[in-house]
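For reference, the structure discussed in these notes is given below.
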Amino acid sequence: MLLRIVKFLKDLLLASRLFTILKPLNHLLGFLFHFTKLTSWVNKNSGKFIKSDFYTPNRNYSKRPFLYKDVMDHYALADNPVHYFEFGVASGVSFKWWLANNSNNDSHFFGFDTFEGLPEDWGGFYQKGAMSHGIPDIKDERAKFYKGLFQETLTPFIEDHNAFLKLPIRKVIHLDADLFTATLFTLSQLYPYLKKGDVLIFDEFSVANHEFKALDLFQEVFYVKCKPIFAQNNFYQVAFEIE
Ligand SMILES: C[S@@+](CC[C@H](N)C(=O)[O-])C[C@H]1O[C@@H](n2cnc3c(N)ncnc32)[C@H](O)[C@@H]1O
């Protein structure tokens, strides 16, 4: 009986379209939902990191390389081969750091970007087209760039590198596109090639309705588990190991 009443009320609400009056609040409600999830995530995970600066009153973007160094030292990546993928290269600041700090000739570094800026607005401050830079001028033969939307370049890349992506070399996947769409698309495409011990680095993880939401949904939908390892700037930069 109760079930019939619930079904009837749900159908009535759909038919009346009453909830369209909430549409102007969609963004706010969505943000509150994901911020609440992020807060619960912090509550559950903040003690699990090998190293984290939470809570720091001084969030400082220039501390990003400390997290890269922690990852590099933890996995002894300075001299060993690594397959490094960066999604969101812009002028190449982080890409160049990884390239300069790994000396192994068998390493490969792949950078993906529109190189024409963000494909959509991000938050209230960055408009579509922001962060536009040309392809970085890098002479190192281990580095390759793929220009265009991930949604256009990544699937053909995977088709061309199917065997390569399955090699038993640690992958470091640096997700620095800022956007929910780009981050979730990338994780979903790379899912079949992720193996235990691969590393995911996020650059704006604590932005609740973008990178956090992308990883949260990815883990929920694909049943993937990610172990927190390093965090910087109150979880703005976070590294995870695939379990
Ligand atoms: C914050 S910047 C990257 C910063 C860079 N990693 C660094 O350390 O200097 C974000 C980049 O992501 C790129 N981007 C975002 N969404 C994208 C998408 N769907 N396809 C391709 N590039 C995208 C933008 O063009 C922008 O250059």
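The values are calculated or read from the model by the stated rules, or taken from the named source; none is laboratory data. Everything numeric in this text was worked out from a predicted model, so none of it was measured. Here Cβ is always computed from backbone atoms with ideal geometry, including for glycine, and neighbour counts include all displayed protein chains. Surface areas here come from the heavy atoms of the whole protein model, side chains and all, with no ligands, DNA or RNA. Shrake-Rupley method; radii C 1.70, N 1.55, O 1.52, S 1.80 Å.
Remarks
- Label-point gap, in nm, between residue 44 and residue 220 - each point 7 angstrom along Cα→Cβ: 1.1
- Here the gap between residue 6 and residue 135, fully extended at 0.36 nm per residue and compared with their Cα-Cα distance, gives a gain of 40.8 nm.
- Under a Gaussian network description of the chain, with springs only between Cα atoms under 10 Å, the residue in 155, 39, 20 that fluctuates furthest is 20.
- Over the chain, Cα pairs under 8 Å with separation of 6+ residues give a relative contact order of 23 percent.
- Pairs exceeding 21 Å between alpha-carbon atoms, taken from 96/144; 48/69; 44/227; 51/166: 51/166.
- In this simple spin-label approximation, residue 91 and residue 69 carry label points 7 Å from Cα along the Cα→Cβ vector, and these lie 2.2 nm apart.
- Each of 122, 25, 5 was scored by the projection of its Cα onto the charge dipole of the chain, and the greatest displacement toward the positive side belongs to 5; charges sit on the C-beta of Lys, Arg, Asp and Glu.
- Look at where the Cα atoms of the stretch 110-146 and of the stretch 1-15 average out, and the two centres are 49 Å apart.
- Sum of side-chain charges, residue 135 neighbourhood, beta-carbon under 11 Å (Lys, Arg +1; Asp, Glu -1): -1
- On full extension, the segment bounded by residue 101 and residue 128 gains 6.5 nm, given 0.36 nm per residue less the C-alpha separation.
- The Kirkwood hydrodynamic radius of the stretch 49-167, based on inverse pair distances between different Cα atoms, is 16.1 Å.
- Computed helical MRE - 222 nm, the chain, DSSP H runs ≥ 4 contributing -39500 (n - 2.57), nearest 500: -11500 deg cm²/dmol
- 12 Å reach of a label modelled at residue 79, 7 Å along Cα-to-Cβ, counting backbone N of the stretch 89-127: 103-104
- Taking a Cβ cut-off of under 12 Å around residue 103, the surrounding Lys, Arg, Asp and Glu residues balance to a net charge of -2, with basic ones at +1 and acidic ones at -1.
- Accessible surface computed residue by residue for the chain, with neighbouring protein chains in place and a 1.4 Å probe, gives 55 Å² per residue.
- Beta bridges by DSSP in the chain, antiparallel share as percent, to the nearest 5: 35
- For the chain, the Cα-based Rg and Dmax, in that order, read 20.0, 72 Å.
- For the stretch 97-241, the carbon plus sulfur part of the accessible surface works out to 53%, probe radius 1.4 Å.
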